[in-house]
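Shown below is the structure under consideration.
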Amino acid sequence: MEVIVASDSDEMANRAADIVQAFLVSTHSPALGLATGASVQPLYRELVRRHREESLSFAAARAFLLDEYVGLDPDHPQLYRNVVRTELGGQVDLRPVHLFSPDVCSAELEEECARYDRMISRARIGLQILGIGRNGHLAFNEPGSAFDSRTRVVRLTATTRADNARFFDTPDEVPRRAVTQGLGTIMGAGHLMVMASGAAKATAVVSVLRGPVTEALPASILRTHPRVTLVLDPRAVNPVVESHEAGMRIPTR
Ligand code: GLP
């Protein structure tokens, strides 16, 4: 696992954008996995800047959402499909038909999950962008999710609903269910890039780096993937970097 500790969110965004940019130009038809959340917002802003000022192009890319809320109106600004359109897709030259997400309005939601999972497998995601929950969740795979889980409907924990309430007018508005790529599905991507910032993530991040690999902490599965890059700020990894300078790369294995 490669660990990049950046000095602040600008440097995190830059380092992560370098990885996305290198991936986009490395192949003719890049399949990019997209996450949502505060941790990835600076990255998306930097990618938009590079598109506008440095001609970084998404024209050949296909983008796939990691997860999606169930129960929001199709035009709700917090529907992840709309979030990704607003923060990235709609501001770069990604073709709208190349932004893929599960159809959470489907009357056959279980079948739709299986269809989306097959689509992800066929697409062979080359680079998957990820955040990490305070409780160690990946996408919406909450603690206890099976390591071999596939795309499915899940119930959100109280912790996750409380954490995500900041994006909604009232806590009650946060959906109780979501569709998420499974941990097994996510592990199929060629390269996983995980972004985490802030002291609230330190417990989860340090557990990923040093704790047991266990379904009680879904993100610990990262230790079993051959290519993972963690992009962190010092506060997200505080106990580990105490004696290191920000900006160092810490080999964990
Ligand atoms: C949500 C998303 C996750 C994301 C997590 C972290 O729960 N479904 O995919 O990783 O939030 O979000 P943030 O970066 O806002 O802390």
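The values are calculated or read from the model by the stated rules, or taken from the named source; none is laboratory data. What you are looking at is a predicted structure, and each value in this text was computed from that prediction instead of being measured. All Cβ positions, glycine included, derive from the backbone under ideal geometry; neighbour counts span all protein chains shown.
What number of residues within the stretch 144-175 are more than 13 Å from the ligand (Cβ to nearest atom) and in a loop (DSSP other than H, G, I, E, B)?
Adding up the residues that qualify gives 9.
For the stretch 121-143, which residues satisfy the criterion of being within 16 Å of the ligand (Cβ to nearest atom) and either surrounded by fewer than 17 Cβ atoms within 10 Å (Cβ to Cβ) or more than 20 Å from Thr229 (Cβ to Cβ) (or both)?
To start, the set of residues in the stretch 121-143 that are within 16 Å of the ligand (Cβ to nearest atom) comprises 125, 127-143.
Answer for the stretch 121-143, where residues must be within 16 Å of the ligand (Cβ to nearest atom) and either surrounded by fewer than 17 Cβ atoms within 10 Å (Cβ to Cβ) or more than 20 Å from Thr229 (Cβ to Cβ) (or both): Arg134, Asn135, Phe140, Glu142, Pro143.
For the stretch 224-239, give me each residue that is at pLDDT 90 or above and not in a strand (DSSP E or B). Please lay out each step first, then the result.
The initial filter retains those residues of the stretch 224-239 that are at pLDDT 90 or above, namely 224-236.
Thr224, His225, Pro226, Arg227, Asp233, Pro234, Arg235, Ala236 - these are the residues of the stretch 224-239 that are at pLDDT 90 or above and not in a strand (DSSP E or B).
Which of the residues that make up the stretch 90-111 are over 20 Å from Phe140 (Cβ atoms) and either crowded, with 19+ Cβ neighbours inside 10 Å or not small (Gly, Ala, Ser) (or both)?
Going residue by residue through the stretch 90-111, those that are over 20 Å from Phe140 (Cβ atoms) are 90-98, 107.
Correct list: Gln91, Val92, Asp93, Leu94, Arg95, Pro96, Val97, His98.
Could you list all residues from the stretch 125-143 that are part of a loop (DSSP other than H, G, I, E, B) and either among the acidic types (Asp, Glu) or touching a strand residue (DSSP E or B) at 6+ places or on another chain (Cβ under 8 Å) (or both)?
Quick first cut of the stretch 125-143, residues part of a loop (DSSP other than H, G, I, E, B) only: 125-126, 131-137, 139-140, 142-143.
Within the stretch 125-143, Ile125, Gly126, Gly131, Ile132, Ala139, Phe140, Glu142 meet the criteria.
Related question: Of all residues in the stretch 135-188, which are under 14 Å from the mean Cα position of the chain (by Cα) and of a type in the set (Ser, Thr, Tyr)?
Thr180, Thr185
Here's a follow-up. With the structure loaded, tell me whether Asp73 is surrounded by fewer than 22 Cβ atoms within 10 Å (Cβ to Cβ), over 30 Å from Leu109 (Cβ atoms) and among the charged types (D, E, K, R) or whether it fails that test. Steps first, please.
Values: surrounded by fewer than 22 Cβ atoms within 10 Å (Cβ to Cβ): yes; over 30 Å from Leu109 (Cβ atoms): no; among the charged types (D, E, K, R): yes.
So Asp73 does not fit the description; no.
Any chance you could count how many residues in the stretch 141-163 are without any contact (Cβ under 8 Å) to a residue 12 or more places away in the chain and of a type in the set (S, T, N, Q)?
Going through the stretch 141-163 one residue at a time, the tally reaches 0.
Among what's in the stretch 2-22 and is assigned to a loop (DSSP other than H, G, I, E, B) and modelled with pLDDT under 95, pick the residue that is surrounded by the most Cβ atoms within 10 Å (Cβ to Cβ).
So in the stretch 2-22, the residues assigned to a loop (DSSP other than H, G, I, E, B) come out as 6-8.
Filter once more, so that each one left must be modelled with pLDDT under 95: 7-8.
Working: Ser7: 12, Asp8: 14.
Ranking the candidates gives Asp8 first.
I need the full set of residues from the stretch 39-65 which are among the small types (Gly, Ala, Ser) and either in contact with a His (Cβ under 8 Å, 6 or more places away or on another chain) or farther than 27 Å from Phe167 by Cα (or both), in order please. Walk me through it before giving the result.
First, the residues of the stretch 39-65 that are among the small types (Gly, Ala, Ser): 39, 55, 57, 59-61, 63.
Ser55, Ser57, Ala59, Ala60, Ala61, Ala63 - these are the residues of the stretch 39-65 that are among the small types (Gly, Ala, Ser) and either in contact with a His (Cβ under 8 Å, 6 or more places away or on another chain) or farther than 27 Å from Phe167 by Cα (or both).
Restricting to the stretch 200-217, and then to whatever is farther than 15 Å from Leu230 by Cα and not hydroxyl-bearing (Ser, Thr, Tyr), can you tell me which residue is surrounded by the most Cβ atoms within 10 Å (Cβ to Cβ)?
Keep residues of the stretch 200-217 that are farther than 15 Å from Leu230 by Cα, which gives 200, 211-217.
Checking the rest, the ones that are also not hydroxyl-bearing (Ser, Thr, Tyr) come to 200, 211-213, 215-217.
Values: Ala200: 13, Gly211: 16, Pro212: 9, Val213: 13, Glu215: 16, Ala216: 13, Leu217: 22.
It comes out as Leu217.
Ok, one more. Here are some conditions: (1) within 18 Å of Gly126 (Cα to Cα); (2) touching a residue at least 24 places away in the same chain (Cβ under 8 Å); (3) away from the ligand (no atom under 15 Å from the Cβ). Val40 meets all but one. Which one does it not meet?
(3)
Same structure again: Name every residue in the stretch 201-234 that is away from the ligand (no atom under 13 Å from the Cβ), basic (Lys, Arg) and either without any contact (Cβ under 8 Å) to a residue 40 or more places away in the chain or farther than 18 Å from Met187 by Cα (or both), in order of residue number.
Once the filter is applied, which keeps residues that are away from the ligand (no atom under 13 Å from the Cβ), basic (Lys, Arg) and either without any contact (Cβ under 8 Å) to a residue 40 or more places away in the chain or farther than 18 Å from Met187 by Cα (or both), the stretch 201-234 yields Arg210, Arg227.
Continuing with the same structure: For residues in the stretch 120-134 being over 15 Å from the mean Cα position of the chain (by Cα) and of a type outside the set (S, T, N, Q), which is farthest from Leu43 (Cα to Cα)? Outline the logic, then answer.
Going through the stretch 120-134, the residues over 15 Å from the mean Cα position of the chain (by Cα) turn out to be 121-124.
Those still in the list that are of a type outside the set (S, T, N, Q) too: 122-124.
On the way: Arg122: 26, Ala123: 23, Arg124: 22 Å.
Only one residue tops the list, namely Arg122.
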